[in-house]
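Trainee: Provided herewith is a single structure, encoded as structure tokens, for subsequent inquiry.
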Amino acid sequence: MGIFYSNNDLVGIDVGASAVRLVQLKKSGGNPSLVAFGSAQLPPNIAQSDSKLDQQKVAEIIKRLVKSSNVSTKFVNTSLPGSTVFSTIIALPPMSQADLAQAVRYQAEQNIPLKIDDVKIDWQIVRENPITKEKAVMIIAAPRAKTQKVMELFEMADLDVVCLETSSIAIARALSVPSEPLIMVLNLGASATEITIIENGIVSHVRNLPIGGTALTRVISRELGLDNTQAEQFKMRFGLSQDKLEGQVYKTIKPLIENIIDEIQRSIKYYNNQFGGDVKKILLTGGTARLPEIISCFKSELNIEVVYGNAWGKINFQPSLSEKLNETNFEFACAVGLAMGEA
Ligand SMILES: Nc1ncnc2c1ncn2[C@@H]1O[C@H](COP(=O)(O)OP(=O)(O)OP(=O)(O)O)[C@@H](O)[C@H]1O
Ligand SMILES: [Mg+2]
């Protein structure tokens, strides 16, 4: 631990497909307090690229963002996108803590379609039957090549990664509230949509779909014969409105939105069959949650309460910042959750 490192300073950095977001928090008695936040756009297709040159560009952007945000610590928490990890829930009979670790490894070998030596395994008990002591355990397997890539990226940016977790866990930390025992969070990003079911604050089911805002723009551009910039503007302006522009944009993106809705329904049904309990509320986050009329569309298709998540809901900040923070609400849940995590 370096001399500049204060255990009370926590920094989360979310490297998304479209931008990097940084949040620095300070632990205080109750909710953590905001110290700094900032973001920087990324040129298209470089975040996910495996080329060294692209990674250097991303590292440079992270470095500049850290500097311009006046962050003084080198120690940061970051996340792996859901698309790079494999997760599953297994049921285990009652056993000692020591046997549990072995059983998890064995089950991981059986249930994960990747070579066990090529992945890093993380797990957590999701639920325990108070009478039979049977446990539901979530196993998360991250390919070593992917974790290594993240470590190298941050090394290039002169930073040390203290904690690497999945984006769904970070987002759950920022958005879940104890009074809502069973909720779903939809993170509608640029490259992907992440469906997460959270029971009593614990991530209990994750699905990742390779459909995000970029795919919506692409289909608008193709179907309506617009260039990328125009298609992006049409998406943001008309979204899922059935009246504006005679519903042309709506009709174009509807099949992709229906795919997402089908997967939401499948996840809800699966969860109900496996574990009981009905998801009664969906929180939307991610830039694509800004799509006009998304709430009314999801509500009418799903018959469930659908609301926007509040990324800054658990953070103390100066009231004068509230307008500025509000503007970032859709994009910052992951970085906030990362910064809230234990360093
Ligand atoms: N007003 C809007 N209406 C519709 N889409 C929008 C709007 N504003 C931003 N978006 C879309 O949000 C997406 C970016 O969202 P976000 O910042 O959450 O993604 P990301 O975190 O960079 O990507 P990912 O999570 O997939 O790695 C882009 O596709 C952008 O076009
Ligand atoms: Mg994202």
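Trainee: Given a Förster distance of 35 Å, report the FRET efficiency between N200 and Y106 from their Cβ-Cβ distance, rounded to the nearest 0.05.
Mentor: 0.80
Trainee: In what order do F37, F154 fall by count of nearby beta-carbon atoms within 10 Å, going from fewest to most?
Mentor: F154, F37
Trainee: Let me ask you something else. What list do you get for I61, I125, I13 if you sort them by fewest beta carbons within 10 Å?
Mentor: The most exposed by this proxy come first: I125, I61, I13.
Trainee: On to the next question. Counting other C-beta atoms within 10 Å, which of D9, D54, D262 has the fewest, and how do the rest follow?
Mentor: D262, D54, D9
Trainee: Something else now. Taking the mean number of other Cβ atoms within 10 Å as a proxy for protection, how do you rank 17-23, 157-163 from highest to lowest?
Mentor: The packing order, highest mean first, is 17-23, 157-163.
Trainee: Full-extension gain between K244 and Q265, please, as 0.36 nm times their residue separation minus the C-alpha to C-alpha distance.
Mentor: Taking 0.36 nm per residue and subtracting the Cα distance, the gain is 4.8 nm.
Trainee: Taking the Cβ-Cβ separation of L53 and Q274 as r and a Förster radius of 41 Å, what is the calculated FRET efficiency to the nearest 0.05?
Mentor: 0.40
Trainee: Report the Cα centroid-to-centroid distance between the range 214-234 and the range 1-78 in angstrom, as an integer.
Mentor: Going from one Cα centre to the other spans 31 Å.
Trainee: Roughly speaking, what is the stretch gain from A98 to N326, that is 0.36 nm per residue apart minus the C-alpha to C-alpha distance, in nm to one decimal?
Mentor: Separation in residues times 0.36 nm, less the Cα-Cα distance, equals 77.5 nm.
Trainee: Are there DSSP H segments in the chain that both extend 20 Å or more along their axis (alpha-carbon positions) and score a mean Kyte-Doolittle hydropathy of at least -0.5? List them, or say none.
Mentor: Passing helices, by number: 52-68.
Trainee: Additional query: How many lysine pairs does the range 228-343 hold where the Cα atoms are under 18 Å apart and the two sit 8 or more places apart or on different chains?
Mentor: Final tally of qualifying lysine pairs is 12.
Readers should treat all values here as calculations from the given coordinates under stated rules, not as data from a laboratory. It should be emphasised that the depicted structure is a prediction, and the values quoted were computed from it without experimental measurement. Methodologically, a virtual Cβ is constructed for each residue, glycine included, from the backbone with ideal geometry; neighbour enumeration extends over all protein chains shown.
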